[in-house]
Amino acid sequence: MLKKIFLFALLFSTLSTGPLAKQTMPVMPALVTVGFKMDDPRPLLVSESQDGINWNTFSYPIPNARNANFRPVIWGNHEYLMIYHHETDAGTDKFSAAMVSNGLQKDGSISWTAPTVFAQNIDIWDVIWGNDQYIAVGNKGEICRATQATGHWTCEASPASSLRRVIWANQQYLAVGNKIITSPDGKNWISQVNNLGNTTIAGIVWATNKYVAVGYDYNTQLSFSLTSLDGKTWTMHPINIPNFDVAKVAWGNGQFVSVGSTAICSSLDGITWTTQMAGDHLGLSDVIWANNQFIAVGFKTGIHSPTMTSPDGIHWTQQDSKTDYDLYSVAYNNEL
């Protein structure tokens, strides 16, 4: 009996302190940003980070994707999903394809599924996971939906002729572009705002019991915000920054933050906006609230593409993205 106890204690000690105890399972990164480089044999770049400050970059060859545009990446349904649009130099063979994370490789990089082509002649700009399905929106107003990213997608026209962003919030879908449209189920869509003129609504968020959208007026070359309590009745507010082609809006730590080509702005209420940074060098394309900070990414304007962080939306720090690929979007794994 004493011999059995001794052997068990020895085994437990080996498992607790020996080589097996030192082996740790790789952890899915908390943050992923997707970039692309036109006419490159390895056009896809994925940057991974646990804190938004230290980034590791990995490039991937994608078959027949030399002219691919990698746009949205999201975390949803317990996986990362990214979508890219492809077309040849002659403007033919247009399609959008989806790739999802399916584990980690030995070097810590995400392993991605082979591309699943799901939308012929559709240029997808945004995708979300909400109400147990994926909803993607296209540049010509198309809306695609699926319950599995690598499964069957249904794509249909919508009341809009161009869409940029989509969210699921307050028990409804809202998609924005040249119109604002809503849907309770992702199938049946109603146009709520039609008379926007020569404008594009580029971002939308739900926070503090209201919707806040941001857009750009190509006639006045000024940005604006829109606010609504129900998604039906909207009020427009100016963001008087010349040539601020706003790209995205996020909310966190009591602040709305919008980013774009030439500025970062913040607002307590989505109505009155204050410029926090300005300059042609910014080139920002996306911003999110994650890990108790804002994280913004964008297109290359210097040696590296911008990656910026802020705890409050006011004070910003430039981080080293370690890449010169254009970064379109960033996603946060909120299940860690």
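Observations, loosely collected:
- Of the residues examined, residue 164 is not one that is touching a residue at least 40 places away in the same chain (Cβ under 8 Å) and basic (Lys, Arg).
- The conditions of being buried (at least 20 other Cβ atoms within 10 Å of the Cβ) and at pLDDT below 95 are not met by residue 73.
- When 94, 140 are checked against the criterion of being surrounded by fewer than 19 Cβ atoms within 10 Å (Cβ to Cβ), within 28 Å of residue 199 (Cβ to Cβ) and at pLDDT below 90, a single residue qualifies: 94.
- Given (1) over 20 Å from residue 203 (Cα atoms); (2) under 17 Å from the mean Cα position of the chain (by Cα), index of the condition residue 106 fails: (2)
- Counting only residues that are part of a loop (DSSP other than H, G, I, E, B) and among the small types (Gly, Ala, Ser), segment 312-336 holds 2 of them.
- If the condition is being crowded, with 19+ Cβ neighbours inside 10 Å, assigned to a loop (DSSP other than H, G, I, E, B) and aliphatic (A, V, I, L, M), then segment 262-311 contributes only 282.
- Pairs meeting the criteria (first residue in segment 111-128 and under 15 Å from residue 328 (Cβ atoms), second residue assigned to a loop (DSSP other than H, G, I, E, B), beta carbons under 7 Å, at least 6 apart or on different chains) are 123/139; 125/139.
- If you filter segment 165-207 down to residues that are surrounded by fewer than 13 Cβ atoms within 10 Å (Cβ to Cβ) and either at positive phi or of a type in the set (Phe, Trp, Tyr) (or both), you find that the one that is modelled with the highest pLDDT is 171.
- Positions within segment 209-261 being at pLDDT 95 or above, under 22 Å from residue 163 (Cβ atoms), part of a loop (DSSP other than H, G, I, E, B) and not hydroxyl-bearing (Ser, Thr, Tyr), in sequence order: 230, 231, 232, 234
- For segment 43-70, taking the residues that are assigned to a strand (DSSP E or B) and of a type in the set (A, V, I, L, M), the one that is modelled with the highest pLDDT is identified as 46.
The values are calculated or read from the model by the stated rules, or taken from the named source; none is laboratory data. The structure presented is a predicted model; accordingly, all values stated were derived computationally and were not measured. In this analysis, Cβ positions are derived from the backbone assuming ideal geometry, glycine residues included, and neighbour counts consider all displayed protein chains.
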